[in-house]
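**Student:** Supplied in C-alpha cells, the structure appears directly below.
The values are calculated or read from the model by the stated rules, or taken from the named source; none is laboratory data. Note that the structure is predicted; figures quoted are calculated from it, not measured. Cβ sites come from the backbone with ideal geometry, for glycine too, and all protein chains shown count toward neighbours. Protein only, heavy atoms only, side chains kept; ligands, DNA and RNA dropped before computing areas. Shrake-Rupley method; radii C 1.70, N 1.55, O 1.52, S 1.80 Å.
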Amino acid sequence: MKKYILLFSLVFSVSSIMKAQTKVSENILTLDSLSTSPKATLADVAWISGNWKGEAFGGITEENWSRPSGDSMMAAFKLIVNNRVEFYEIEIIRQVKESLMLQLKHFKGDLKGWETKDETVDFPLVKIDERTVYFDGMTFEKININEMNVYVLMRSKDGSTSELKFNYKK
C-alpha cells in the first residue's frame, strides 16, 4: 500500500510540475493559475541589457534596457511609423521574492497613458534557461550577443490570440 501511495505522490508531483506552464503559441508560454514562478535573479537576464533596434507594426522599433541595479532593470520602447512616434512603453524587470516579474505601461505619442494611473501590465516569469526567458505572454530569446528575438502574445478584441515577433539587433 505504501508503494502505491508513494507512486501516486510521485505521479501527482510530476504532473503538477508539467502543468505549471502551458504553450500558447510556438514561442510563448503561460503560467497556470495555481503555479508559481521559478527561482531566478536579474543576473540570469542581464544579457537583455543594451540598445536594441528592429522593425514591427510597419515601423522602426527601439528598446533600450539598462543593466541590473537596484533590484531591477528598466527599458524604454518606442515605435516610429512615418517619422512619428505611435507609442512608447516603460518596462521593468524586477526581482520579486526569489523570481522575476516583467511589468510595463503604454503611452500614446503625446505621452498620455493607456493604462490607468496605478495599473500595469504584468508578466510573471514562467521558465528560464541560458538563452531564453519565458514571461507569461512574452519571451526573450538570445540569438547571440548582438541579436535577440522578443515574442509577444497579442490579444484581439474578439478574444483570439497571435504571436508577434520582434527581431532586434544592437
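**Student:** Cα convex hull of the chain: how many Å³ per residue? Can you show the working numbers first?
**Tutor:** Details: hull volume 25.8 nm³, N = 170.
Residue-normalised Cα hull volume stands at 152 Å³.
**Student:** Now a separate question. Using protein chains only and a probe of 1.4 angstrom, how many square angstrom of GLU63 are accessible, to the nearest 10?
**Tutor:** Rounded to the nearest 10, the figure is 10 Å².
**Student:** Could you tell me whether region 119-170 comes out rounded, prolate or oblate from its Cα gyration tensor? Rule is a ≥ b ≥ c as square roots of the eigenvalues, rounded for a/c under 1.5, then prolate if a/b exceeds b/c, otherwise oblate. It would help to have the intermediate numbers written out before the result.
**Tutor:** Numbers: a/c = 2.38, a/b = 1.59, b/c = 1.49.
It is prolate, given that a/c is not under 1.5 and a/b is the larger ratio.
**Student:** Another question, if that's okay. In whole Hz and in residue order, list the ³J(HN,Hα) couplings for region 147-157 that follow from phi through the Karplus curve 6.51 cos²θ - 1.76 cosθ + 1.60, θ = phi - 60°; x for Gly and Pro.
**Tutor:** 8, 8, 10, 10, 10, 10, 7, 9, 10, 8, 4
**Student:** Still on this structure, please answer the following. Rounded to the nearest 20 Debye, what is the dipole magnitude of the chain about its Cα centre when Lys and Arg each give +1 and Asp and Glu each give -1 at the C-beta?
**Tutor:** On the way: 23 positive and 23 negative charges, 69 e Å.
Its charge dipole is roughly 320 debye.
**Student:** What is the angle, in °, between the Cα long axis of helix 2-18 and the longest principal axis of the Cα atoms in the chain? Nearest 10 is fine, range 0 to 90.
**Tutor:** 10
**Student:** Can I ask one more? Please work out the Cα center distance from region 62-78 to region 154-170, rounded to the nearest Å.
**Tutor:** Answer, in whole Å: 21.
**Student:** Taking θ = phi - 60°, what integer Hz values does the Karplus form 6.51 cos²θ - 1.76 cosθ + 1.60 yield along region 121-137, in sequence order, with x for Gly and Pro?
**Tutor:** Karplus values, whole Hz, x for Gly and Pro: 9, 10, 10, x, 5, 9, 7, 8, 9, 5, 10, 9, 10, 9, 8, 5, x.
**Student:** While we're on this one: In sequence order, what are the phi-derived ³J(HN,Hα) couplings for region 68-85 according to the Karplus relation 6.51 cos²θ - 1.76 cosθ + 1.60 with θ = phi - 60°, rounded to whole Hz, with x for glycine and proline?
**Tutor:** x, 6, x, 6, 7, 10, 10, 9, 10, 10, 9, 10, 10, 10, 6, 6, 10, 6
**Student:** Right, here's the next one. If R0 is 41 Å, what FRET efficiency do you get for ASP71 and SER156 from their C-beta distance, rounded to 0.05?
**Tutor:** Efficiency, rounded to the nearest 0.05: 0.75.
**Student:** Let me ask you something else. Grab the Cα-Cα distance for LYS117 and LYS53, subtract it from 0.36 nm times how many residues apart they are, and report the gain in nm with one decimal.
**Tutor:** Here the answer is 20.2 nm.
**Student:** Classify region 86-152 from the C-alpha gyration tensor, please: rounded if a/c falls under 1.5, else prolate or oblate depending on whether a/b exceeds b/c.
**Tutor:** Details: a/c = 2.82, a/b = 1.48, b/c = 1.91.
Oblate, because a/c is 1.5 or more while a/b does not exceed b/c.
**Student:** Given +1 on the Cβ of Lys and Arg, -1 on the Cβ of Asp and Glu, and no further charges, what dipole in debye does region 80-152 carry about its Cα centre, rounded to the nearest 20? Write down the numbers at each step before the final one.
**Tutor:** Values: 10 positive and 14 negative charges, 31 e Å.
Approximately 140 debye in magnitude.
**Student:** Moving on. Could you tell me the calculated FRET efficiency between LEU34 and LYS108, based on Cβ-Cβ distance and R0 = 35 angstrom, to the nearest 0.05?
**Tutor:** Details: r = 37 Å, r/R0 = 1.05.
It comes out at approximately 0.45.
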